[in-house]
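The values are calculated or read from the model by the stated rules, or taken from the named source; none is laboratory data. Please read all numbers here as calculations on a predicted model, not as lab measurements. Here the Cβ is made from the backbone with ideal geometry for all residues, glycine too, and neighbour counts use every protein chain on show.
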Amino acid sequence: MTTTAKNYSAEHIGPLEELLNKEFMGIHGKYFIGKELGLTGCEVSLNRLPAGKYMPFLHKHQKNEELYIVLRGCGLFYVDGDEFPIQEGSLVRVAPEGERGWKAGDEDLYFICIQAEVGSLTQATREDGKRLESKASWMKM
């Protein structure tokens with residue numbers, strides 16, 4: 001269930017182990033959250049690939065670069081003919097035209113994939129963020 005308010009939306013999907021109950025276009029373990037949360041600047045998917053399984057096709061994008069963040073597990077990543085190992089803590093950025101695919105190793109592979117239009121970032125946190133005087137309940141007044 002998604003909670004939506006003026007300046008935020010929030011959803012709890014449960015433990016990541018339950019991602020295999022989610023499905024996108026016949027692929028189990030893939031859950032896109034952009035529509036549910038109303039994202040307007042990027043698309044995000046949460047992913048769990050069972051041990052030994054692999055993405056059944058290579059793909060590329062027309063406009064979006066992707067950032068893969070490996071949370072748990074290990075495996076192999078493929079980009080444009082290069083194959084390299086990935087594991088918890090691995091970060092992989094792929095340009096839109098990069099042909100990509102992945103395979104889980106001997107344990108389930110959990111990762112987040114963030115997509116955004118290449119070249120669309122116009123400022124970073126230091127330029128965009130603004131510190132406020134208001135406080136949350138756990139902050140000392």
Given the criterion part of a strand (DSSP E or B), modelled with pLDDT under 90 and closer than 17 Å to Ala104 by Cβ, identify the matching residue among Tyr68, Tyr31.
Tyr31
Pairs, first closer than 19 Å to His59 by Cβ in the stretch 77-91, second surrounded by 13 or more Cβ atoms within 10 Å (Cβ to Cβ) and of a type in the set (S, T, N, Q), C-beta under 8 Å, six or more apart
Phe77/Ser90
Hey, does the stretch 93-102 have a residue that's over 13 Å from the mean Cα position of the chain (by Cα), of a type in the set (Phe, Trp, Tyr) and loosely packed, with under 15 Cβ neighbours inside 10 Å?
no
How many residues, within the stretch 80-131, are part of a loop (DSSP other than H, G, I, E, B) and within 14 Å of Val70 (Cβ to Cβ)?
6
Quick check on the stretch 1-58: of everything there that is touching a residue at least 40 places away in the same chain (Cβ under 8 Å) and loosely packed, with under 10 Cβ neighbours inside 10 Å, which residue is nearest to the chain's Cα centre (by Cα)?
Gly41
Here are some residues: Phe77, Phe84, Phe111. Which one is surrounded by 10 or more Cβ atoms within 10 Å (Cβ to Cβ) and over 17 Å from the mean Cα position of the chain (by Cα)?
Phe84
